[in-house]
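Visitor: Dumping the structure here so I can ask a few things about it.
Quick note: the coordinates plus some simple rules give every number you see, no bench work behind them. Here the structure is a predicted model, which means the values were calculated and not measured. Reconstructed Cβ throughout: ideal geometry from the backbone, glycine too, with neighbour counts over all protein chains shown.
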Amino acid sequence: MRILAGAVAGGAEWGGLLPGGGVPGGGVLGVGGGVLAHGLGGRTDLPMDGVTAIAGGGAAVAVSFLALTVAWTRPRLRPDAGRPLPPRPARSLDASWLTWAGRAVALAVSAAVVGVAFAGPSSDARNLAPWALFVTFWVGLVPVSVVCGPVWRRVNPLRTLHAALCLVARFDPSGMRAAPKRLGWWPAAGWLLGFVWLELVAPHRGDPRLVGWLIVGYAAVNVGLAVWFGRGWFARGDGFEAYSSLLARMSPVGRRPDGVLVWRTPLTGLMGAGGEPGLAATACVLIGSTGFDGVTRTTYWRDAVDPGDVVAGTAGLLASVGVVALLYRAAMGAGARVSGQAAGEWSSRFAGSLLPIALGYSVAHYFSFFVLEGQTTVILASDPLGRGWDLLGSTGHVVDYGVLTPSVIAMVQVNAIVLGHLAGTAAAHDLALRTVPAGRRLAGQAPLAAVMVALTCAGLFALLSG
C-alpha cells in the first residue's frame, strides 16, 4: 500500500497517491505495488506526549469500570426498548421499492467496478477498482452501517444475483439443505480474515486485474453456497454482509423483537448478541487485524521487518488476532470460575461487548484513510477507463490533504480507541447485571475489565509509536 507521510516537526507534509502516480511535490511512494496506507498520525500530532495518552486512556477505562459498578446498578439496555419511528417514515423505509432500487444501484455499481478492474488502466494509481474496494466500500461500510443500520444486507448484490439465478434455473431459494447451526459466524470470520490479509499483507494487492478476479471469485463462491444452503447463508456466510450487520447492532435505528422500527440507545442492539457461535472470533479478527495494521506503522516493526515480507506479515497478522483471542478467552475463563458458571457459556454471552472495541479500532485506523484517500475514488470515477473523459468534472483534481490536520486526526484516533473500550465495558456490565449473581458481579467482570485496559493501552501504543 502506498504510504501517507506522517506529521513532521513544525507542520505536516502529506504524501499520497495521485491519479498520475505521484505525490505533491513529485515522487512516488509505494510498497509492493499496493494501493495506499492508512494515514495514521504520529505522537507528535497530540497536544500531549505518548506516555501520557496511553496512561490516561488506560486509566479512563479502569475508572469508568469502577464508576459503573457503583452508579449502574440495574440493567438499562433493554432489547425491547426504543421509541417507534413515526408511521410515515417507517412505512417509507420499509417500502419494497426502496429495497429494489437500492439493489439495482448496488448491482450496477458493483458490475461497473468489476468492468473497470478488467478493462480500465492496468496501474493501480489510475484504476478505480482498487480504490472502490479497499477505500470506499470496505471503509465506508463502517459509518453507513453504524448510522443507518444493516444497509448492505438490504442491497447486497449477491442476494440479487442469487434471486435471479434461482428464478432462471428454478432453484429453491431456501436451498437444498440447511446450514449447520454450529457454523454460526465462523464463515464470516474466515472471509474477513482472508480479506484483511489481502488488504494488509498480500503482494500486488492493488493490481486491478487481481481485484477484479477476487470480486468475481468471491461472488461465485458465496452465490454457490447460497444455492446449496439457501439465501440465509448471506447473513453470516458473506463476510461483508455479516460485518455490516454486526456494526449495525450499534446503530441508533433498529428493530424491536416485534419488528417495529425504533430510535434506541446505540448499545441496546448488543444485548441480544450472546450465544452465537463464531461471534467472538469474528470480533477478535476485526480487533486483531486493525491492531496489526497499527503495529506495522510503528518504528519497531518498520526497523525489523521488510515491508514486502509476506511470511512475516502473515505471522504478524495471525499473532495479533491470536493475542486478542487468547486475552478474551483467558478473561472469560477467569470470570466464569469466579462466578461459578460454565466458561463456554460465559465467553459466548459477552462476545457482543467486543463489537464497540472493533468499531473504535476501525474508526481510529481508517478515519483519515477514508476522508483523505477516499477522494481518489471520485477523482478516478471521472475517467474510469482512462480515455480522457471528464464525467464528473474532476479530471486534474488532486487529493486535498489539508481537509484534516494531523492534530485532528490524532485526537479522533485516540478518542475512538478509548471510547470504544468504554462502550464495550458498559455493554459487558449491563450484560453482567442480567446474568451474574449479585454477589459475584464485580469479581466476575474484573478480568474482562483488565483486558479492556490492556487492549486500550496496547492500541494506543501501536497508534502513537509511528
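Visitor: Quick one: if the Förster radius is 51 Å, what FRET efficiency do THR405 and MET176 give, using the C-beta to C-beta distance and rounding to 0.05?
Guide: 0.35
Visitor: Multiplying the sequence separation of TRP213 and ALA119 by 0.36 nm and subtracting their Cα-Cα distance, what value in nm do you get?
Guide: 32.6 nm
Visitor: Sticking with this structure for a sec: Beta carbons within 10 angstrom, averaged per residue: use that to sort the peptides 224-235, 82-93, highest first.
Guide: Details: 224-235: 18.7, 82-93: 12.1.
Most protected by this proxy first, the peptides run 224-235, 82-93.
Visitor: Oh, and also: About the Cα centre of the range 223-263, what is the dipole size in debye to 20, counting +1 per Lys and Arg Cβ and -1 per Asp and Glu Cβ, all else neutral? The partial results should precede the final answer.
Guide: On the way: 5 positive and 3 negative charges, 21 e Å.
Using only the charged Cβ atoms, the result is roughly 100 debye.
Visitor: ALA108 versus LEU198, label points 7 Å from Cα toward the beta carbon: distance in nm?
Guide: For the pair ALA108/LEU198, the computed spacing is 2.5 nm.
Visitor: Along the charge dipole of the range 151-260, Cβ charges K/R +1 and D/E -1, which of PHE195, VAL216, MET176 sits furthest on the positive end?
Guide: MET176
Visitor: Give the shape of the range 95-190 as rounded, prolate or oblate, defined through the alpha-carbon gyration tensor: a ≥ b ≥ c are the square roots of its eigenvalues, a/c under 1.5 means rounded, and otherwise the shape is prolate if a/b is larger than b/c and oblate if not. Can you show the working numbers first?
Guide: Values: a/c = 1.62, a/b = 1.45, b/c = 1.11.
Cα axes put the range 95-190 in the prolate bin.
Visitor: Using the Karplus curve 6.51 cos²θ - 1.76 cosθ + 1.60 with θ = phi - 60°, work out ³J(HN,Hα) for each residue of the range 153-169 in order, rounded to whole Hz, and write x for Gly and Pro.
Guide: 4, 7, 10, 3, x, 5, 5, 5, 4, 5, 4, 5, 5, 5, 5, 6, 8
Visitor: Take each of the peptides 314-320, 130-136, 245-251, 437-443, average the number of other beta-carbon atoms within 10 Å over its residues, and list them starting from the highest.
Guide: My ranking of the peptides, most packed first, is 130-136, 245-251, 314-320, 437-443.
Visitor: Okay, helix-only estimate at 222 nm for the chain: each DSSP H run of n ≥ 4 adds -39500 (n - 2.57), divide by all residues, round to 500 deg cm²/dmol; what do you get? Mind dumping the intermediate values first?
Guide: Numbers: 19 runs with 274 residues, N = 466.
Helix contribution divided over all residues of the chain: -19000 deg cm²/dmol.
Visitor: Hey, another quick one. What number, in percent, do you get for the relative contact order of the range 227-376 if the mean sequence gap of Cα pairs under 8 Å and at least 6 apart is divided by its residue count?
Guide: It comes to 27 percent, rounded to a whole number.
Visitor: Between VAL168 and TRP228, 0.36 nm times their residue separation minus their Cα-Cα distance comes to what?
Guide: 20.0 nm
Visitor: Using the basic label-point model (7 angstrom from Cα toward the beta carbon), what is the ASP258 to ARG337 distance in nanometres?
Guide: Taking the two extended label points, one gets 4.6 nm.
Visitor: Okay, moving on. Per 0.36 nm of contour for each residue apart, how much would the distance between TRP100 and ARG302 grow if the chain were fully extended, relative to their Cα-Cα spacing? Write down the numbers at each step before the final one.
Guide: Working: separation 202, 0.36 × 202 = 72.72 nm, distance 4.73 nm.
My answer for the length gained is 68.0 nm.
Visitor: Quick one: Karplus J couplings for the range 267-272, per residue in order, coefficients 6.51, -1.76, 1.60, θ = phi - 60°, nearest Hz, x for Gly and Pro?
Guide: Per-residue couplings from phi come out as 7, 4, x, 7, 6, x Hz.
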